[in-house]
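What follows is a short report on a single structure.
The values are calculated or read from the model by the stated rules, or taken from the named source; none is laboratory data. These figures come from a predicted structure and were not determined experimentally. As a convention, Cβ positions derive from the backbone with ideal geometry for all residues, glycine included, and neighbour counts pool all protein chains shown. Areas reflect the complete protein model, heavy atoms only, side chains present, ligands, DNA and RNA absent. Shrake-Rupley method; radii C 1.70, N 1.55, O 1.52, S 1.80 Å.
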Amino acid sequence: SHELRTPLNAIIGFSEGLLERVDRHPLNAHQVDRLSKIKKSGDHLLTLINNVLDLAKVESGRVEVCVSEIEIAPLIDEIAALAEGLLKDRVDVQFRTDVEPLEGALVSDRDKIKQVLINLVGNAAKFTEQGHIALSVEQDAGYVRFSVEDTGVGIPDSELPKIFEKFHQVDQAQHRSIKGTGLGLALCKSFASVLGGTLSVRSFEGDGSTFTLSIPLRYDEERQATQEQLVEQIKDRCCRSSVSLEGQRVLCIEDDPTNMEVLIDFLDQQGFQVIPAFDGLSGLAL
Ligand code: ADP
């Protein structure tokens, strides 16, 4: 990662330096335009590289979870400050927060939650021209739900199952004009699952979207490790499965690996070939 980031930081840093010091090194309009484009492309590439490296880490199981007790109010204030910065030129878009006090402390990985929320708020800001963006926090039994709601362009039904896929961007006029990497949501979803939770979306084309990160109030390291092992074992077992009865494949959508195993045992005995999906969206995609 160092080898990739170092030269890129030099490109970004030097172009930024030249643009900021026009008093010392006068530049004509053409040069300013070209340098700005170099810097913008450098920033874009850096985001892409950072996301690719983060995803690679999650996928190889090398991602570390740093657990601490998290105070919600300062975390939300930090996100709100960033959101206000992103929306400073957008007078028609209001940002608001709605935080329900939690019963008990949230114990999880603050940086990962923050990264997911920044991504979701960043997307909402990109795709909302008027109305509002609302960040809310509420508790549901042993889970904390962070929702980012916007009144932006929304996402067509046909695209919903695909938006969490790597590099997928909605192929529509309102979406195409906005630059992105198509990796943000894939990474957010992986982080949600690393924290033992889920990331889901509800959206209506033209009416806006709501993305919800739901994570356990207390990150349970042991449970998470065994669940991850079980998921891997199940995937492995289904790939190796020699049973393949023509036309008798069964798609099982089940988020609890233990329940999935019960289903597979049962269907395996009947001679079916099982395709496992651990959440509804990947089930729909399959
Ligand atoms: P990026 O935003 O970098 O393209 P993401 O993975 O974050 O990548 O998002 C994938 C795609 O999902 C976006 O390109 C966009 O088409 C769609 N999308 C994400 N968030 C929103 C939103 N809040 N409103 C409308 N479309 C969205």
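Values as computed for the structure displayed
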{"quantity": "Cα centre as origin, Lys/Arg/Asp/Glu Cβ charges: the range 185-286 dipole, Debye", "calculated": "180"}
{"quantity": "Within the chain, longest stretch clear of exposed GluC sites (Glu not before Pro) (DSSP loop, no more than 13 other Cβ within 10 Å)", "calculated": "130-245"}
{"quantity": "Pairs of lysine residues in the chain - Cα separation under 12 Å, sequence separation of 8 or more or cross-chain", "calculated": "4"}
{"quantity": "Charge-dipole axis of the chain as Lys and Arg at +1 and Asp and Glu at -1 on Cβ define it, positive-most pick from Leu18, Gly208, Phe167", "calculated": "Leu18"}
{"quantity": "Sulfur and carbon atoms: percent of accessible area, the chain [1.4 Å]", "calculated": "51"}
{"quantity": "Dipole magnitude (debye, nearest 20) for the chain, charges at Cβ of Lys, Arg, Asp, Glu", "calculated": "1320"}
{"quantity": "Phi to ³J(HN,Hα) by Karplus 6.51 cos²θ - 1.76 cosθ + 1.60 over the range 269-285, Hz, x for Gly, Pro", "calculated": "4, 7, x, 8, 9, 9, 10, x, 10, 8, 8, x, 5, 5, x, 4, 4"}
{"quantity": "Leu183 long-range amide H proximity, modeled H, under 5 Å", "calculated": "Phe167"}
{"quantity": "Value of relative contact order over the range 181-280, rounded to a whole percent, pairs C-alpha under 8 Å and six or more apart", "calculated": "21"}
{"quantity": "Approximate spin-label separation Arg90-Asp111, in nm, with each point projected 7 Å along Cα-to-Cβ", "calculated": "2.8"}
{"quantity": "Helix-only CD estimate at 222 nm, as mean residue ellipticity for the chain, using -39500 (n - 2.57) per DSSP H run (n ≥ 4)", "calculated": "-15500 deg cm²/dmol"}
{"quantity": "Length-normalised contact order of the chain in % [C-alpha pairs under 8 Å, at least 6 apart]", "calculated": "14"}
{"quantity": "Rounded to 5, the percent of DSSP beta bridges in the chain classed as antiparallel", "calculated": "65"}
{"quantity": "Surface accessible to a 1.4 Å probe, Lys37 within the full protein complex, Å²", "calculated": "110"}
{"quantity": "Most mobile of Ile12, Ile72, Ile118 in a GNM of the chain (Cα contacts under 10 Å)", "calculated": "Ile12"}
{"quantity": "Top positive-direction residue, dipole computed over the range 142-284 with Cβ charges, set Leu230, Gly154, Tyr219", "calculated": "Gly154"}
{"quantity": "Val63/Gln31 FRET efficiency (R0 35 Å; Cβ-Cβ; nearest 0.05)", "calculated": "0.25"}
{"quantity": "Euclidean distance between Cα centres, the range 51-106 to the range 181-240, Å", "calculated": "16"}
{"quantity": "Probe 1.4 Å, accessible area per residue of the chain, Å²", "calculated": "58"}
